[in-house]
Amino acid sequence: AAPAAPAAPAAPAKPEATPAAKPTEAPAEKHDDAPEATDAPEATDAPAVTDAPAAPTEKPAASQSTKPSTSQKAPVSKPTEEPVSEPTEEPAPAETAKPVQLDVPEVSISVTAAGGIKVTWDKIDDAPLYMVYYRENGGSWHRIGTTAATSYTRAASKLTSGKTYEFTVRCVDKDKTTMLSGYEASNSLKYLATPEVTIAKASNGGIKVTWNKIAGASRYLVYYRENGGSWHKIGTTTAVSYTRAAKALKSGVNYQFTVRCVMNDKKTVLSGYEASNSLKYTK
């Protein structure tokens with residue numbers, strides 16, 4: 001007889017829908033073959049945290065190991081590997097040698113006939129050039145220029161009446177900058193303007209000479225000349241006029257007079273002079 005047909009397998013039960021379990025909440029399935037959780041190595045068997053490499057914060061910052069900070073310049077290494085020569089071990093350069101010092105020129109000044117100031121000094125051996133300076137009323141020195149001569153005249157047009165002038169001179173090399181001597185100030189001189197003089201026949205038969213008063217002048221020195229010849233000194237006066245007596249004059253002679261400002265010593269002239277008009281004297 002045929003074997004009985006096997007019973008139909010029961011339909012599998014339909015699993016009920018359950019909410020998804022969160023990973024942290026799902027219990028681990030236990031399998032008989034799986035080792036117990038206790039068989040896993042304990043946390044204490046793991047290497048201690050202190051055995052781990054040092055934290056990254058202990059490493060030098062990348063900005064310090066690669067590029068220097070823009071706000072701070074990288075230190076410049078000093079050339080310590082090569083010895084530095086001492087300056088004294090090298091011969092001094094020729095240009096640092098001191099120039100030869102020459103004697104100081106002795107300077108004197110006086111007023112010229114034309115009203116300028118003439119500066120003179122003694123000749124210094126081996127001096128290529130001389131540098132001339134001046135100052136007014138004891139102020140700062142001003143450079144005028146250089147000359148190979150031993151005199152210099154400052155024109156009246158560059159002088160101011162009433163001011164006191166001093167001059168000095170220094171020896172200087174051909175480059176006009178390297179000084180070869182010291183300096184000493186000249187005598188001081190109060191410069192005064194040249195008086196303007198006119199003459200006319202006096203009422204007493206002589207010749208009367210008159211001129212304008214010069215500020216700062218205490219005395220005047222009077223001169224005369226005949227027929228354009230040499231000047232002759234008459235004398236000094238504190239007035240601004242002088243009369244030449246008739247007895248001291250010659251008939252038919254052309255006379256001229258002039259006046260210069262002078263110090264109280266009656267010798268040191270402080271101004272130039274200009275000749276007066278010419279007058280042919282007749283008795």
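The values are calculated or read from the model by the stated rules, or taken from the named source; none is laboratory data. Just so it is clear, the model here is predicted, and its values are computed rather than measured. Counting neighbours? That spans all protein chains shown, and the Cβs are built from the backbone with ideal geometry, glycine included.
Summary table below
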quantity	calculated
Candidate set from the stretch 200-210 (those that are of a type in the set (A, V, I, L, M, F, W, C) and at pLDDT 95 or above); member that is surrounded by the fewest Cβ atoms within 10 Å (Cβ to Cβ)	200
Residue 161 vs. criteria part of a loop (DSSP other than H, G, I, E, B), at pLDDT 95 or above and out of contact with any strand residue (DSSP E or B) (no Cβ under 8 Å at 6 or more places or on another chain)	yes
In the stretch 211-235, residue nearest to residue 163 (Cα to Cα) [restricted to those that are surrounded by 16 or more Cβ atoms within 10 Å (Cβ to Cβ) and among the charged types (D, E, K, R)]	219
Number of the condition not met by residue 114 [criteria: (1) part of a loop (DSSP other than H, G, I, E, B); (2) free of Cβ contacts under 8 Å to residues at least 60 places away in the same chain; (3) within 30 Å of residue 258 (Cβ to Cβ)]	(2)
Unmet criterion (only one of (1) of a type outside the set (Asp, Glu); (2) at positive phi; (3) surrounded by 17 or more Cβ atoms within 10 Å (Cβ to Cβ)) for residue 145	(3)
Residue within the stretch 248-259 that is in contact with a Pro (Cβ under 8 Å, 6 or more places away or on another chain), closer than 21 Å to residue 109 by Cβ and either among the hydrophobic types (A, V, I, L, M, F, W, C) or surrounded by 12 or more Cβ atoms within 10 Å (Cβ to Cβ) (or both) present	no
Matching residues, the stretch 235-252, being under 53 Å from the mean Cα position of the chain (by Cα) and either of a type in the set (A, V, I, L, M) or part of a loop (DSSP other than H, G, I, E, B) (or both)	238, 239, 240
The listed residue being surrounded by 14 or more Cβ atoms within 10 Å (Cβ to Cβ), in contact (Cβ under 8 Å) with a residue 12 or more places away in the chain, in contact with a Cys (Cβ under 8 Å, 6 or more places away or on another chain) and among the β-branched types (Val, Ile, Thr), out of 197, 269	269
Residue within the stretch 128-141 that is part of a loop (DSSP other than H, G, I, E, B), in contact with a Cys (Cβ under 7 Å, 6 or more places away or on another chain), touching a residue at least 24 places away in the same chain (Cβ under 8 Å) and not aromatic (Phe, Trp, Tyr) present	no
Residues (under 21 Å from residue 221 (Cα atoms) and crowded, with 18+ Cβ neighbours inside 10 Å) located in the stretch 166-189	189
